[in-house]
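What follows is a single structure, written as structure tokens, with notes after it.
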Amino acid sequence: MQWEAVIGLEVHVQLSTKSKIFSGASPAFGGAPNTQACPVDLGLPGVLPVLNAEAVRMAVMFGLAIGAEIHPYSVFDRKNYFYPDLPKGYQISQFAHPIVGPGTIDVQMENGETITVGITRAHLEEDAGKSLHTSYPGMTGIDLNRTGTPLLEVVTDPDLRSPEQAVAYFKQLHALVRYLKICDGNLAEGSMRCDANVSVRPLGAEELGERSEIKNINSFRFVEKAITFEIERQIDILESGGKVQRDTRLYDSDLNETRSMRTKELSDDYRYFPDPDLLPVHLTPEFIAEVKSSLPELPEARKTRFTTELKLSDYDATWLTGDPEVADYFEAVLATTDDAKLTANWIMGDASAALHRDDLEWIDCPVPATELGRLIVRIKDNTLSSKLAKTVFEALWAGEGTADEIIEARGLRQLSDSGALGDIIEKIILDNPHQVAQYRAGKNKVLGFFVGRVMKATQGKANPGRVNELLLELLGSWGQSKGAE
Amino acid sequence: MANIDINHLCRLAQLALNDAEHEAVRGDLERIIAMVDQMQAMNTDHVEPLAHPLDANQRLRRDEVTEVVDRERYQLGAPATQDGLYLVPRVVE
């Protein structure tokens, strides 16, 4: 039987506010345990939550960016469950009245196809603390620094049909929140965590199969692998006549498998009710309009601008706009070079390779955009051949100075001058009468031999274009007939 | 009368009740549900659900770090701490 997977993702996007969602403590990553947990976060008696204005603004910004409905009236609810890293015994979340309503995100697949993913809702909530199970025999250590960190939970409709689509959507969402500067996008530090709801059904069936939920996947690769594993697991069960149990599962990346954590409590068991400590949030049309006017250029718009105004290919534009840091760097270089294609080639080629080699992010690129720009300008004005340019680039990378300083200091200027090159070429022609005779006899391949000699004589600095022109000219003038017209 | 699963509710609420308490709670809940049933009988077709009893707007806080965390003091009331962590009886899912 042919099976179809049905996948929905819930992504927790950690908002990059300076303070927590309901308290004035810092949500910064990496502090010593419990040094960023204030009485509100600890759930001490008598404390009250006060909502962070910036978290609200960021949520609205996200909603506007995906063309979603922004609810002018939203309510915070208590989601009740017991776990030691949740000191209050409930998580403040939004249930019946989320701040962001239905919207869509268009996702470009690698094969060029575009899929539209429905966003059911996005709501604000607080994060829980962390439990450390390993170091304390018989005990669990609790660090509440993360407690109260603002999260925007973005929930899709069950619109995704393959692990590849799920990853492409997750990447698109990642790019979007980074463009909006509402999340640092650091997956390794848990700034975006993904839960995947996965079920399978016979291809063509209307009814959804029983689903399982895979919790807390925190890398693009693991999203793909965990969902792939889960689809196969469910198909195996169904094909051997079994039934998929609705449950919550964990992905184990070491073993590449999902394991059941618990059979899912029914959602009613969280006993949501409006939090009496918080009043409803009313958003005015003026506030929403103000946030709308502050939206930056979004990935899709930037990509379209790159293909239409800069005449870049779809592939180049997609590559350059996926990460706002890359697109910003590209545009900064372009400001100096005024040559989009050559600039794109350098960024996608040498610059990207060097960053990858040294395991650096774009924001840490040691070559300032203006200097990569100057380097490219020197290629365009024929000071540098592409080979010499690579040498200059490595020197820029190593911090040896500006592009022009490096060209001067290392004598990397390309030889284009007809007089000087001509002298060198004439001498080579004189020294190699045998090859000249071969050339005259119509063996055009011998030209490569001469080019090689010229490059050797000039330590690779000769302008290859000029060398070819001069060789043809001078070899011709040495008696080679042009042959019949 | 609705069939109330007291054991399930006790598990959700993390309560351990003895038999006598069990029956007392059952009686209380039955009366509460009876009251809710009475409310359910009202026609609310044209009433918007009330999310909050106060018709006021949530005040927002400026996004600033204002809390100085005194971990030593906050942990004085904890039964067990180590390396800055609160220690609780082992929980493994």
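The values are calculated or read from the model by the stated rules, or taken from the named source; none is laboratory data. For clarity, every value in this text was computed on a predicted model and none was experimentally measured. We place every Cβ from the backbone using ideal geometry, glycine too, and count neighbours over all the protein chains shown.
Scan the stretch A:344-366 for residues that are surrounded by 14 or more Cβ atoms within 10 Å (Cβ to Cβ) and more than 24 Å from A:S313 (Cβ to Cβ) and the total you get is 0. Output yes when any residue across the stretch A:99-115 is touching a residue at least 12 places away in the same chain (Cβ under 8 Å), crowded, with 20+ Cβ neighbours inside 10 Å and over 23 Å from the mean Cα position of the chain (by Cα), and no when none is. So far as the stretch A:99-115 goes, yes, one or more of its residues are touching a residue at least 12 places away in the same chain (Cβ under 8 Å), crowded, with 20+ Cβ neighbours inside 10 Å and over 23 Å from the mean Cα position of the chain (by Cα).
All of (1) away from chain B (no Cβ under 14 Å); (2) part of a loop (DSSP other than H, G, I, E, B) hold for A:R233 with one exception: (2). In the set (1) surrounded by fewer than 19 Cβ atoms within 10 Å (Cβ to Cβ); (2) acidic (D, E); (3) more than 30 Å from B:H52 (Cα to Cα), A:D269 fails one condition alone, (3).
What residue, among those in the stretch A:125-146 that are outside any strand (DSSP E or B) and surrounded by 18 or more Cβ atoms within 10 Å (Cβ to Cβ), is farthest from the other protein chains (Cβ to nearest Cβ)? My answer is A:D127. Report, by residue number, each residue of the stretch A:169-228 that is among the charged types (D, E, K, R) and under 20 Å from A:V326 (Cα atoms). Hits for the stretch A:169-228 are A:K171, A:R178, A:K181, A:D184.
Restricting attention to the stretch A:42-56 and to residues that are more than 32 Å from the chain's Cα centre (by Cα) and surrounded by 19 or more Cβ atoms within 10 Å (Cβ to Cβ), the residue that is farthest from A:I92 (Cα to Cα) turns out to be A:L42.
Entry remark, the stretch A:28-38: residues being farther than 14 Å from B:V65 by Cα and either modelled with pLDDT of 95 or more or aliphatic (A, V, I, L, M) (or both) number 3 in total.
Residue under question is A:L64, and the condition is that it be touching a residue at least 60 places away in the same chain (Cβ under 8 Å) and part of a loop (DSSP other than H, G, I, E, B); does it hold? No, not satisfied.
Which of the residues that make up the stretch A:1-27 are surrounded by fewer than 16 Cβ atoms within 10 Å (Cβ to Cβ) and at pLDDT 95 or above? Passing the criteria: A:E4, A:K18.
Looking across the stretch A:32-55, the residues that are in contact (Cβ under 8 Å) with a residue 40 or more places away in the chain and at the interface with chain B (Cβ under 9 Å from one of its Cβ atoms) come down to A:P33, A:N34, A:T35, A:Q36, A:A37, A:V40, A:D41, A:L42, A:L51, A:N52, A:A55.
Quick check: anything in the stretch A:147-161 in a loop (DSSP other than H, G, I, E, B), modelled with pLDDT under 95 and within 11 Å of another protein chain (Cβ to nearest Cβ)? Among the residues of the stretch A:147-161, not one is in a loop (DSSP other than H, G, I, E, B), modelled with pLDDT under 95 and within 11 Å of another protein chain (Cβ to nearest Cβ), which makes the answer no. Within the stretch B:59-93, the set of residues being polar (S, T, N, Q) and surrounded by fewer than 18 Cβ atoms within 10 Å (Cβ to Cβ) comprises B:T66, B:Q75, B:Q82. For the residues A:A68, A:A59, the requirement of being buried (at least 21 other Cβ atoms within 10 Å of the Cβ), more than 7 Å from chain B (Cβ to nearest Cβ) and touching a Lys or Arg at 6+ places or on another chain (Cβ under 9 Å) singles out A:A68. Remark: A:P45 falls outside the filter, which requires a residue to be out of contact with any strand residue (DSSP E or B) (no Cβ under 9 Å at 6 or more places or on another chain) and at pLDDT 95 or above.
Determine whether A:A122 is in contact (Cβ under 8 Å) with a residue 24 or more places away in the chain and not in a loop (DSSP other than H, G, I, E, B). Judged against the criteria, A:A122 is a match.
Here's the yes/no breakdown for (1) in contact with a Lys or Arg (Cβ under 7 Å, 6 or more places away or on another chain); (2) loosely packed, with under 12 Cβ neighbours inside 10 Å:
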position: A:L176; (1), (2): no, no
position: A:K181; (1), (2): no, no
position: A:A196; (1), (2): no, no
position: A:R201; (1), (2): no, no
position: A:G204; (1), (2): no, yes
position: A:S212; (1), (2): yes, no
position: A:R221; (1), (2): no, yes
position: A:V244; (1), (2): no, no
position: A:M261; (1), (2): yes, no
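Counting only residues that are assigned to a loop (DSSP other than H, G, I, E, B), over 20 Å from A:V50 (Cα atoms) and at the interface with chain A (Cβ under 10 Å from one of its Cβ atoms), the stretch B:32-91 holds 11 of them. Evaluating A:V392 against the criteria (1) modelled with pLDDT under 85; (2) surrounded by 18 or more Cβ atoms within 10 Å (Cβ to Cβ); (3) of a type in the set (A, V, I, L, M) leaves one unmet condition, (1). Taken over the stretch A:367-389, the criterion of being surrounded by fewer than 16 Cβ atoms within 10 Å (Cβ to Cβ) and either touching a residue at least 40 places away in the same chain (Cβ under 8 Å) or more than 26 Å from the chain's Cα centre (by Cα) (or both) is satisfied by A:K380, A:D381, A:N382, A:S386, A:K387.
When you look at A:L355, is it out of contact with any strand residue (DSSP E or B) (no Cβ under 8 Å at 6 or more places or on another chain) and either closer than 28 Å to A:T391 by Cβ or modelled with pLDDT of 95 or more (or both), yes or no? Yes. If you take the residues of the stretch A:80-107 that are assigned to a loop (DSSP other than H, G, I, E, B) and more than 14 Å from every other protein chain (Cβ to nearest Cβ), which of them is farthest from B:H52 (Cα to Cα)? Going through the qualifying residues, I end up with A:P102. Considering each of A:K171, A:K243 in turn, give the residue that is modelled with pLDDT under 95, charged (D, E, K, R) and assigned to a helix (DSSP H, G or I). Answer to the check: A:K171.
Pairs meeting the criteria (first residue in the stretch A:80-95 and farther than 16 Å from A:L51 by Cβ, second residue among the β-branched types (V, I, T) and part of a loop (DSSP other than H, G, I, E, B), beta carbons under 6 Å, at least 6 apart or on different chains) are A:P84/B:V91.
Among the conditions (1) at pLDDT 95 or above; (2) within 14 Å of chain B (Cβ to nearest Cβ); (3) farther than 24 Å from A:Q36 by Cα, the only one that A:G118 does not satisfy is (2).
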